[in-house]
Structures are given as C-alpha cells and as structure tokens.
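The values are calculated or read from the model by the stated rules, or taken from the named source; none is laboratory data. Keep in mind the model is a prediction, meaning the values are calculated, not measured. Don't worry about glycine lacking a Cβ; one is built from the backbone with ideal geometry, like all the others, and counts go over all protein chains shown. Protein only, heavy atoms only, side chains kept; ligands, DNA and RNA dropped before computing areas. Shrake-Rupley method; radii C 1.70, N 1.55, O 1.52, S 1.80 Å.
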Amino acid sequence: MSQQPDASPARRIRRSRWIAAGVALVALVVLAAVVVLVARWLRTLEPVQSFLLQFPGEYPLPDGSPVGLPAWLGWQHFFNAFFLVLIVRTGLQSRAEKQPPALWTSRRNRRRRMSLTVWLHLALDLLWIVNGVLYVVLLFATGQWVRIVPTSWDVFPNAISAGLQYASLDWPLEHAWLNYNSLQQLSYFAIVFLAAPLAIVSGARMSAFWPRDAKRLNELYPFSVAKAVHLPVMVFFIAFTVAHVTLVLATDALRNLNAMFAARDASDWVGFGIFALALLVIAGGWALVRPAIVDRIASAFGDVVRRSPR
C-alpha cells in the first residue's frame, strides 16, 4: 500500500502563508519596538531637545485663516470613506476573479465589455471622483485649503519633530479644530493632491473606457506603467486609513470625532454617535453589494449577462 501524503498541496500552501504572515507580524512588532526605543533615546540628546523646542510639530496658519471645521467637511469625509471601502473591496475582487461570474457590455459600443465587478469598481470610482472634485472646490472656496497645503518651509522640520514625537509614544500636543500638525498636513496633502490623482489616472488607463486605438497615447502611457502604479497607490490609501483611524481614536477620540463628524469643538459623545452611525451605513453598503442589486443597477447602463454555474 502506497503511503499517502500528510497534507494536500493547497493545505501546505495555506500553512506556509500563515507561517509567513506570523513571521512578518513578529518582525513588524520587533521593528516597532526598536523604532520606539531609538526615538526615546534620541529625545534624551540635548541637540534633539533644542530642535523639538524650536520646532514643536506645527507652525501658525496665515492670518485670517478660518477657524474650525465646517459641516460640509464632515459629509465629504463620510462619503470619501464610504466610496473608498467599496472601491478597495471591488478592486481586490476583480484582481482575484479568474473567470468573472457576470459580464457588462455597453449598448453604445459592443466592444466595450468588462467584468461586472470591474464595472461596479469604475462606477464607484466615478462617484468618488465627483465627491473629490466637490471637496477640492469647497476647500479653496472656503479658505480651508490652508489647513492641508503647506504655506511655510517650516512644515518640514516640524513634520520631522511630530514624527519623532509619535515614534517615541510621547505624542505632540495638538488641537485639530484649530490646526493640524505638520506631519498631518503633509500626509493630507499627499493623499488629496498626489495619491488621489495617481489613482485616477492609473485606473483610467487600465479601464475598458481607455481609447485602445490611440497608438501614440498608448505608447506614451503604457498599460504596464499604470498597472505598476495602481496597486501601490491602493496600498498607500489603506495604510494611511489604518494610521489615520488609529491616531484619531488614540489621541482624544471624542474631541477628534466631534470635529470630524459633528463640526463641533467639544468632548461629548455626539461625534462618536455620528461616527457609529456612519460605520453602520458603510456596513450596509457593503452588504448591499450583491448580484440581485448590482445586476439591476448595471442593467440601466448596459447589458448584463451572468454566467451559469458549472
């Protein structure tokens, strides 16, 4: 009787992935501990202490800057989070699909065919872009741009200072209602004016709506370049979101949530309640992404053909 292998290839692969994930997690914990210890040691040095006194982590906003966060910013923040969660979900689903369960075809151009998951991903992208354009318009129309666009070269040493304070776990004193620290400002600037445009232009190049017959344009902007950019940008968005939410909840959560969701400078539970409601709405949107609903919506814009299960 031949000896049976102790595990199937698929099981061995899953086991190796779990081991790799465990090793990576341990390495991250060790790295984080080393960073904290080094940062704390650096803060004992007199030159570093002088640097932190000179650059406390933020610089004053220009005279006449608006005070506080308006209500429209809270709504923009919610819609941005809502769309991003579903965009990341559908993006990962489309990458994992080897044979799409359904296809969407344009009625105007029958050559324009794609996975229904990709169509939903692009539809959500469009709504996210509309929300983003409205955000940028309001940002500059109301003067709120000074909060996320650097107006002084002091932003760089102050960002280093804030980063060192975060790394040492002796976090910078801040009041987001009045001003962001410089590390926050650079991060928000990068998300709005660098990462978001990169996500849009790389996603547009990869979509079925890109003009495939434009030979010169395709040579100038190859598909491979867009593909190499799009996934890292998504990872950057996810990493930013994890860090952002962690710091919001770890640094005076009630005051931060009031400022972000209730447009109030207070430490009561109003903002937390709105935040909890927003999470429920996002969870509801996640649950509603199901074939019966997506098929009906997509059918209003094209033809949907669902493959029969084998």
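When we screen Ala298, Ala208 for residues that are in contact with a strand residue (DSSP E or B) (Cβ under 9 Å, 6 or more places away or on another chain), buried (at least 16 other Cβ atoms within 10 Å of the Cβ) and not in a helix (DSSP H, G or I), the only hit is Ala208. Every listed requirement among (1) exposed (fewer than 13 other Cβ atoms within 10 Å of the Cβ); (2) within 19 Å of Gly68 (Cα to Cα) is met by Pro222 save one, (2). The residues of the range 24-79 that are closer than 25 Å to Leu257 by Cβ, open to solvent by 60 Å² or more (accessible area, probe 1.4 Å) and of a type outside the set (D, E, K, R), listed by number, are Pro56, Val67, Ala71, Trp75, His77, Phe79. One residue stands out among those in the range 239-269 that are hydrophobic (A, V, I, L, M, F, W, C) and open to solvent by 70 Å² or more (accessible area, probe 1.4 Å): the one that is nearest to Arg95 (Cα to Cα), which is Val242. For the range 124-160, residues that are touching a residue at least 12 places away in the same chain (Cβ under 8 Å) and farther than 30 Å from Ser182 by Cβ total 3.
For the residues Ala199, Ala195, Ala162, the requirement of being part of a helix (DSSP H, G or I), open to solvent by less than 30 Å² (accessible area, probe 1.4 Å), under 30 Å from Pro70 (Cα atoms) and in contact with a Phe, Trp or Tyr (Cβ under 7 Å, 6 or more places away or on another chain) singles out Ala195. The set of residues in the range 69-86 being in contact (Cβ under 8 Å) with a residue 40 or more places away in the chain and closer than 16 Å to Ala141 by Cβ consists of Leu69, Pro70, Ala71, Trp72, Leu73, Gln76. Only residues that are without any contact (Cβ under 8 Å) to a residue 12 or more places away in the chain and in a helix (DSSP H, G or I) were counted across the range 256-295, and they come to 11. The set of residues in the range 133-159 being of a type in the set (Phe, Trp, Tyr) and either closer than 30 Å to Glu97 by Cβ or in a helix (DSSP H, G or I) (or both) consists of Tyr135, Phe140, Trp145, Phe156.
For Val229, are the conditions met, namely being in a helix (DSSP H, G or I), open to solvent by 60 Å² or more (accessible area, probe 1.4 Å) and farther than 25 Å from Trp171 by Cβ? When the stated conditions are applied, Val229 does not pass them. Exactly one residue out of Ile274, Ile191 is within 19 Å of the chain's Cα centre (by Cα) and within 18 Å of Trp75 (Cβ to Cβ): that is Ile191. Among the conditions (1) of a type in the set (A, V, I, L, M); (2) touching a Ser or Thr at 6+ places or on another chain (Cβ under 9 Å); (3) assigned to a helix (DSSP H, G or I), Val130 misses just one, which is (2).
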